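Below: one structure, written as structure tokens.
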Amino acid sequence: MNSDMYSLREKIIRLFILLGVLYADAVPVPPEIPEIQSINEHEKIYLMWDNTAESSIDSLTGYSDFEGYRIYRSTDGGQTWGDTWDRIYDYSGNFVGWRPYAQFDLIEELDSLHCIYPNPFDNPSATGY
């Protein structure tokens, strides 16, 4: 192996080691949990929540990249979150979760407009990306 290839190989190995050290503890953090209120009427339940989750900043990217809400329904106190046909399986046949009872996502345009990050021009103490 010539010296240029050896040098490049060494630099790549050092880069991977450095990235491993920097991101070893990097674990995605879920968004803030919104405060939820419910009102029940005859055969109806109204759910309301604040926008705390929508303002959460992603710990890995530094962006506010909120996607939407998923609502699950349990009829047995949280033991299960749907019927057998609501189960989701991976390609190996392993049970991995439940299909949401309802899902509310931002449309693509609103999602792209919502993605925000700290702006050092408006706030000198913020770090920009």
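The values are calculated or read from the model by the stated rules, or taken from the named source; none is laboratory data. Quantities reported herein were computed from a predicted structural model and do not represent experimental measurements. Note that each Cβ is placed from the backbone with ideal geometry, even for glycine, and that neighbours are counted across all protein chains shown.
Could you list, in sequence order, all residues of the range 74-91 that are surrounded by 14 or more Cβ atoms within 10 Å (Cβ to Cβ) and not β-branched (Val, Ile, Thr)? Selection gives 81, 82, 86, 87. State whether the residues of the range 42-59 include one that is surrounded by fewer than 10 Cβ atoms within 10 Å (Cβ to Cβ), part of a helix (DSSP H, G or I) and at pLDDT below 85. No.
Which residues, taken from the range 68-85, are within 22 Å of the chain's Cα centre (by Cα) and outside any loop (DSSP other than H, G, I, E, B)? Across the range 68-85, the qualifying residues are 68, 69, 70, 71.
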